[in-house]
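Novice: Before I ask anything, here is the structure I am working with.
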Amino acid sequence: DVKVTQSSRYLVKRTGEKVFLECVQDMDHENMFWYRQDPGLGLRLIYFSYDVKMKEKGDIPEGYSVSREKKERFSLILESASTNQTSMYLCAIRPTGTGGGQYFGPGTRLTVT
Amino acid sequence: GESVGLHLPTLSVQEGDNSIINCAYSNSASDYFIWYKQESGKGPQFIIDIRSNMDKRQGQRVTVLLNKTVKHLSLQIAATQPGDSAVYFCAEIYQGAQKLVFGQGTRLTINP
């Protein structure tokens, strides 16, 4: 089974704080993704990575950065959190050689006050 | 641009009945279509996918049908159970692209 873990289920941060969201996978997959999910807007891709130290912008990268120093770990960074970044953040991986389906972690509900 | 949409935002069915959730897509170049289930407070769960050169695929209690002529995708759930209550959404991916294009979701409610 594909296993994707995220460091926190719930997180509360203050405006202006630097926030790190961690995603870890246990199967050596190359492709990892960060999404945010908001009511009425669905899932939106922030960044993805197809290998160590490689990253690509998704649809809404503004206000975010990412880091992938090791294959199993993909971090999403909010350099200076703002209230409009309050959201559910979902990490996903796409196993190599499969049809395209991505497997998601449990999500981190981030509230920025 | 490409989009994946759903015909109905909510669907209520009786426990034990079959459920059919529909999805329309616009990108005829998509290679794969995927259905996800998302329960409240959890991440989306992969249910089943179908390749664009197929028109039907079956899993455990689920069947996905693909009609490329009208660009329509459906998910059929047999003998719906209370545990099937969730939001279901479809997604598509096309060759060379890394990202999925997601629909907004249909909320399935099971009546006892």
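The values are calculated or read from the model by the stated rules, or taken from the named source; none is laboratory data. Computed from a prediction, not measured in an experiment: that's the story for all the values here. Neighbour counts run over all protein chains shown; Cβ positions are idealised from the backbone, glycine included. To get the accessible areas, we keep the full protein, side chains included, count just its heavy atoms, and leave off ligands, DNA and RNA. Shrake-Rupley method; radii C 1.70, N 1.55, O 1.52, S 1.80 Å.
Novice: Exactly one of (1) free of Cβ contacts under 8 Å to residues at least 24 places away in the same chain; (2) more than 19 Å from A:Arg9 (Cα to Cα) is unmet by A:Pro39. Its number?
Specialist: (2)
Novice: Can you spot a residue in the range A:65-83 that is in contact (Cβ under 8 Å) with a residue 60 or more places away in the chain, more than 17 Å from B:Gln104 (Cα to Cα), of a type outside the set (Gly, Ala, Ser) and part of a strand (DSSP E or B)? Steps first, please.
Specialist: In the first step, residues of the range A:65-83 are kept if they are in contact (Cβ under 8 Å) with a residue 60 or more places away in the chain; the result is A:78-83.
Applying the additional criterion that residues be more than 17 Å from B:Gln104 (Cα to Cα) yields A:78-83.
Narrowing further to those that are of a type outside the set (Gly, Ala, Ser): A:78-79, A:83.
Retained after the next criterion (residues that are part of a strand (DSSP E or B)): A:78.
Yes, the range A:65-83 contains a residue that is in contact (Cβ under 8 Å) with a residue 60 or more places away in the chain, more than 17 Å from B:Gln104 (Cα to Cα), of a type outside the set (Gly, Ala, Ser) and part of a strand (DSSP E or B).
Novice: Only one of B:Ile34, B:Ile47, B:Ile20 is open to solvent by less than 40 Å² (accessible area, probe 1.4 Å) and either within 15 Å of B:Phe89 (Cα to Cα) or of a type in the set (Ser, Thr, Tyr) (or both). Can you tell me which?
Specialist: Working: B:Ile47 fails: open to solvent by less than 40 Å² (accessible area, probe 1.4 Å); B:Ile20 fails: open to solvent by less than 40 Å² (accessible area, probe 1.4 Å).
Only one candidate passes the filter, namely B:Ile34.
Novice: Moving on to the next point. Name the residue, out of A:Tyr35, A:Tyr103, A:Tyr10, A:Tyr89, that is surrounded by 21 or more Cβ atoms within 10 Å (Cβ to Cβ), in contact with a Ser or Thr (Cβ under 8 Å, 6 or more places away or on another chain) and not hydrophobic (A, V, I, L, M, F, W, C). Break it down into steps so the answer makes sense when it comes.
Specialist: Details: A:Tyr35 fails: in contact with a Ser or Thr (Cβ under 8 Å, 6 or more places away or on another chain); A:Tyr103 fails: in contact with a Ser or Thr (Cβ under 8 Å, 6 or more places away or on another chain); A:Tyr10 fails: surrounded by 21 or more Cβ atoms within 10 Å (Cβ to Cβ).
When all the criteria are applied, what remains is A:Tyr89.
Novice: Would you please list the contacts, defined by Cβ atoms under 8 Å and residues six or more apart or on different chains, that run from a residue in the range A:14-30 that is over 21 Å from A:Ser80 (Cβ atoms) to a residue that is part of a loop (DSSP other than H, G, I, E, B) and among the acidic types (Asp, Glu)?
Specialist: A:Val24/A:Glu72; A:Gln25/A:Glu72; A:Asp26/A:Glu72; A:Asp28/A:Glu72
Novice: While we're looking at this one, here's another question. Can you tell me which residues in the range B:55-112 are open to solvent by 70 Å² or more (accessible area, probe 1.4 Å) and within 14 Å of another protein chain (Cβ to nearest Cβ)?
Specialist: B:Arg57, B:Gln95, B:Gly96, B:Gln104, B:Arg107
Novice: Could I ask something else about it? Being acidic (Asp, Glu) and part of a strand (DSSP E or B) is the filter here; which residues of the range A:7-61 pass it? It would help to see each step written out before you state the result.
Specialist: Step one: of the range A:7-61, the residues acidic (Asp, Glu) are A:17, A:22, A:26, A:28, A:30, A:38, A:51, A:56, A:59.
Answer for the range A:7-61, where residues must be acidic (Asp, Glu) and part of a strand (DSSP E or B): A:Glu22, A:Asp38, A:Asp51, A:Glu56.
Novice: Something else: Give me the pairs, please: first residue somewhere in the range B:29-47 and at negative phi and more than 8 Å from every other protein chain (Cβ to nearest Cβ), second residue anywhere and open to solvent by 40 Å² or more (accessible area, probe 1.4 Å) and not aromatic (Phe, Trp, Tyr), beta-carbon distance under 6 Å, and either six or more positions apart or on two chains.
Specialist: Here the result reads B:Trp35/B:Ile47; B:Lys37/B:Gln45; B:Lys37/B:Ile47, each pair linking the range B:29-47 to a residue that is open to solvent by 40 Å² or more (accessible area, probe 1.4 Å) and not aromatic (Phe, Trp, Tyr).
Novice: Something else about it: Does the range A:84-113 hold any residues that are under 16 Å from A:Pro39 (Cβ atoms) and either within 16 Å of the chain's Cα centre (by Cα) or in a strand (DSSP E or B) (or both), and which are they?
Specialist: Narrowing the range A:84-113 to residues under 16 Å from A:Pro39 (Cβ atoms): A:84-90, A:107, A:109-111.
Matches in the range A:84-113: A:Gln85, A:Thr86, A:Ser87, A:Met88, A:Tyr89, A:Leu90, A:Gly107, A:Arg109, A:Leu110, A:Thr111.
Novice: Kindly list, by first and then second residue, each pair from a residue in the range B:58-73 that is on the phi < 0 side of the Ramachandran plot and of a type in the set (D, E, K, R) to a residue that is modelled with pLDDT of 95 or more and open to solvent by 70 Å² or more (accessible area, probe 1.4 Å), limited to pairs with Cβ atoms under 9 Å and residues at least 6 apart or on different chains.
Specialist: B:Lys68/B:Asp55
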